[in-house]
1. Taking the criterion of being of a type in the set (Ser, Thr, Tyr), closer than 21 Å to Glu10 by Cα and open to solvent by less than 20 Å² (accessible area, probe 1.4 Å), would at least one residue in the range 37-52 satisfy it?
2. Those residues that are of a type in the set (Ser, Thr, Tyr) and assigned to a loop (DSSP other than H, G, I, E, B), I need them from the range 123-146; list them, please.
3. So which residues in the range 108-140 are closer than 18 Å to Ala78 by Cα and either touching a Gly at 6+ places or on another chain (Cβ under 6 Å) or open to solvent by 30 Å² or more (accessible area, probe 1.4 Å) (or both)?
4. Within the range 81-98, does at least one residue satisfy the condition of being open to solvent by less than 20 Å² (accessible area, probe 1.4 Å), out of contact with any Ser or Thr (no Cβ under 9 Å at 6 or more places or on another chain) and farther than 24 Å from Glu134 by Cα?
5. When you scan the range 56-66, do you find a residue that is modelled with pLDDT of 95 or more, in contact with a Pro (Cβ under 9 Å, 6 or more places away or on another chain) and open to solvent by less than 30 Å² (accessible area, probe 1.4 Å), even just one?
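The values are calculated or read from the model by the stated rules, or taken from the named source; none is laboratory data. Just so it is clear, the structure is predicted and the values come from calculations on it, not from any experiment. Neighbour counts are summed over all protein chains in view; Cβ atoms, including those assigned to glycine, are modelled from backbone coordinates with ideal geometry. For accessibility, only protein heavy atoms count, side chains too; no ligands or nucleic acids. Shrake-Rupley method; radii C 1.70, N 1.55, O 1.52, S 1.80 Å.
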Amino acid sequence: RARWDAALIERGLSGLERAEALSASRGPYTLQAAIAACHARARKAEDTDWRRIAALYGELAAVSPSPVVELNRAVAVAMAEGPEHGLALMRDLPLDEYHLYHAARADLLRRLERLDEAAAAYRRALELAQTEPERRFLSRRLAEIS
């Protein structure tokens, strides 16, 4: 966060305010901007308003439904209410070929100390990861619990 460009963030927040003032209903881009604004407004990661983000993802799912939006909502719910709640929302998502689905599951399982399941999810994420930085990150996480 120390590297974030404060001037660009201010411009983005100002743009979001204008967009919200122009319309009574929020479209997918405005909702995505509102989610990004929640992250940008948090001075520290632990100050992030995860309940608000989860609610915004719920709105986004209503106007632009997709399994990835539901995955992001599940992660936000997990951050707000606990990993078991996020895992329950992830259970039936059709994302078996999406590495971030498995990486997110692995992280929540790790937090619940279900380490064998977490390791299997990290391994599946590693199989699907496309970039070397992602593979390195996932490999480190897997090594931490193995």
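1. Residues of the range 37-52 that are of a type in the set (Ser, Thr, Tyr), as a first pass: 48.
Now restrict to residues that are closer than 21 Å to Glu10 by Cα: 48.
Those left that are additionally open to solvent by less than 20 Å² (accessible area, probe 1.4 Å): 48.
Among the residues of the range 37-52, at least one is of a type in the set (Ser, Thr, Tyr), closer than 21 Å to Glu10 by Cα and open to solvent by less than 20 Å² (accessible area, probe 1.4 Å), which makes the answer yes.
2. Step one: filter the range 123-146 for residues of a type in the set (Ser, Thr, Tyr), giving 131, 139, 146.
Scanning the range 123-146 gives Thr131, Ser146.
3. Leu108, Arg110, Arg111, Leu112, Glu113, Arg114, Leu115, Glu117
4. yes
5. Taking the range 56-66 and keeping what is modelled with pLDDT of 95 or more, we get 56-66.
Keeping just the survivors that are in contact with a Pro (Cβ under 9 Å, 6 or more places away or on another chain) gives 60, 63-64.
Then drop every residue that is not open to solvent by less than 30 Å² (accessible area, probe 1.4 Å), which leaves 60.
Yes, because at least one residue in the range 56-66 is modelled with pLDDT of 95 or more, in contact with a Pro (Cβ under 9 Å, 6 or more places away or on another chain) and open to solvent by less than 30 Å² (accessible area, probe 1.4 Å).
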